[in-house]
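The values are calculated or read from the model by the stated rules, or taken from the named source; none is laboratory data. Small disclaimer: the values here were computed from a predicted structure and weren't measured. Neighbour counts are summed over all protein chains in view; Cβ atoms, including those assigned to glycine, are modelled from backbone coordinates with ideal geometry.
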Amino acid sequence: MKNLLGGKGANLAEMNLIGVPVPPGFTITTEVCTEYNTLGREAVVKILEEDVKKSVAHIEKLTGNTFGDAVNPLLVSVRSGARASMPGMMDTILNLGLNDEVVEEVKKHLKETSVENKEFTLQFKELNIKFHTLWSGLDTDQYIGVIGQIDRRI
């Protein structure tokens, strides 16, 4: 199973099979990496898009939350994995599904000075940094430097 699902995916599947409570999710197989290297990004996105949408819809049904909904958002974690352990090469994006509208809705229910508000704001900032550094290829310090330059201009 590890060759197909990667280490993390296989471990989650095994836990689920033996009855350990695991949050609902889905795994994109390691074969997709091979397809990506062979076919390219655009082709793989076309291949995966419908399955990912169906999988997210299934998680929404199981949890009662909706991805992108400001009032009842589905937040997910995205983990990269491999057949073999590659320390330092794996990234995690936490709280994918947070966006400006979700943040504003949640903040309506938190006192501005509360610990929860500060923690929630920090989580949104961390999501943005992680997502954009992975997307842009900049390291974290470079990205924060770019954002600082933009903040100073505004």
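I'd like the full set of residues that are more than 17 Å from the chain's Cα centre (by Cα) and of a type in the set (Ser, Thr, Tyr), limited to region 65-86.
If the condition is that a residue be more than 17 Å from the chain's Cα centre (by Cα) and of a type in the set (Ser, Thr, Tyr), then Ser85 is the only one that fits.
Would you confirm whether any residue within region 50-59 is farther than 25 Å from Leu127 by Cβ, assigned to a helix (DSSP H, G or I), modelled with pLDDT under 95 and not hydroxyl-bearing (Ser, Thr, Tyr)?
Checked region 50-59: no residue is farther than 25 Å from Leu127 by Cβ, assigned to a helix (DSSP H, G or I), modelled with pLDDT under 95 and not hydroxyl-bearing (Ser, Thr, Tyr).
Quick one: would you say Val52 is within 22 Å of Phe131 (Cα to Cα), aliphatic (A, V, I, L, M) and either in contact with a Gly (Cβ under 9 Å, 6 or more places away or on another chain) or surrounded by 14 or more Cβ atoms within 10 Å (Cβ to Cβ) (or both)?
Answer is no for this residue.
List the residue pairs whose Cβ atoms are under 7 Å apart, where the first residue sits in region 53-67 and is within 16 Å of Ser77 (Cα to Cα), the second is small (Gly, Ala, Ser), and the two are 6 or more positions apart or on different chains.
If the second residue must be small (Gly, Ala, Ser), the pairs left are Ile59/Gly25; Phe67/Gly97.
Before we move on, is Thr27 in a loop (DSSP other than H, G, I, E, B) and among the polar types (S, T, N, Q)?
yes
Name the single residue, out of those in region 119-154 being surrounded by fewer than 11 Cβ atoms within 10 Å (Cβ to Cβ), at pLDDT 75 or above and over 25 Å from Ala70 (Cα atoms), that is nearest to the chain's Cα centre (by Cα).
Asp139
State all residues of region 90-118 that are farther than 30 Å from Gly7 by Cα, surrounded by fewer than 13 Cβ atoms within 10 Å (Cβ to Cβ) and modelled with pLDDT under 80; if no residue qualifies, say none.
Scanning region 90-118 gives His109, Lys111, Glu112, Thr113, Ser114, Val115, Glu116, Lys118.
Scan Thr27, Thr34, Thr92, Thr38 and give me the residue that is among the polar types (S, T, N, Q) and farther than 30 Å from Thr140 by Cβ.
Thr38
Please state which of the following conditions Ala43 fails to meet, knowing it meets all the rest: (1) of a type in the set (Gly, Ala, Ser); (2) within 19 Å of Phe131 (Cβ to Cβ); (3) over 19 Å from the mean Cα position of the chain (by Cα).
(2)
Got at least one residue in region 69-81 being within 24 Å of Asn128 (Cα to Cα) and in contact with a Lys or Arg (Cβ under 8 Å, 6 or more places away or on another chain)?
Yes, that holds for at least one residue.
Just for region 6-35: of the residues that are closer than 19 Å to Glu49 by Cα and modelled with pLDDT under 90, which one is surrounded by the fewest Cβ atoms within 10 Å (Cβ to Cβ)?
Among residues in region 6-35 that are closer than 19 Å to Glu49 by Cα and modelled with pLDDT under 90, the one surrounded by the fewest Cβ atoms within 10 Å (Cβ to Cβ) is Thr34.
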